[in-house]
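Everything below concerns the one structure shown next.
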Amino acid sequence: MSPEFVPLLFTAPLLVVMAASDVRHMRIPNWLVLAMIVVFAAVAPFYLSGEEIVMRVAVAGGVLLVGIVAFTFRIVAGGDVKALAALMLFVPAGATSIAYFGFTFSAAMVLGMIFMLTLRRAFSSPESSFLSLSIDAGYPMGLSIALAGLAFPAVHILIG
């Protein structure tokens, strides 16, 4: 595996917790986003050049700014904005890699929606402790964010 993806491997457990938390509680805890940033700060200097780190931080900052605008218009939730911006720290800053991530995230959205619709149809109940299983619940975007982060290295290798 290319060194540019090694920092992402360290976030895999955090991404699994993110997906589970968002499906269960419709929340992405701030500590998870902070943990992703800490992992990046701790691991990236060993695998990435200073220039690559700066570029990834700039891309993540851009995603955060666009996300804040989307949050302002109630298009996405705040936790989703923070989580996606933090995940962008782990995506190589080149245009091709960002495009591959966009493709991966789009596919993760479709798969996540199919998964949630299937779960809602099969297990929806007013007594469910999983908030996302309510018929009138929104979509737990953390599921797609996490799935995209987990699948991105494989997609990048297959397509690239």
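Readers should treat all values here as calculations from the given coordinates under stated rules, not as data from a laboratory. Computed from a prediction, not measured in an experiment: that's the story for all the values here. Heads up, the Cβs are rebuilt from the backbone with ideal geometry, glycines too, and the neighbour counts pull from every protein chain shown.
Hull surface divided by four, with the convex hull built on the Cα atoms of the range 71-133: how many nm²? The directionally averaged projection comes out at 5.8 nm².
Summary value for the range 78-160: 39 percent relative contact order, contacts being C-alpha pairs under 8 angstrom separated by 6+ residues. Taking the three principal axes of the alpha carbon atoms in the range 35-76, the coordinate ranges are 39, 21, 8 Å, sorted in descending order.
From the alpha carbon centroid of the range 43-97 to that of the range 98-120 is 18 Å. Quarter the surface of the alpha carbon convex hull of the chain and you get the mean projected area, 9.3 square nanometres.
Three principal axis extents of the range 4-57 based on alpha-carbon atoms, in descending order, are 38, 17, 15 Å. Cα-based radius of gyration for the range 116-160, normalised by 2.2 N^0.38 Å, reads 1.55.
Available extension along the chain between Met113 and Met55 is 17.7 nm, counting 0.36 nm per residue and deducting the alpha carbon span.
Sites listed here are trypsin sites (Lys or Arg not before Pro) in the range 63-134 whose DSSP assignment is loop and whose Cβ has at most 11 other Cβ atoms within 10 Å: Arg74.
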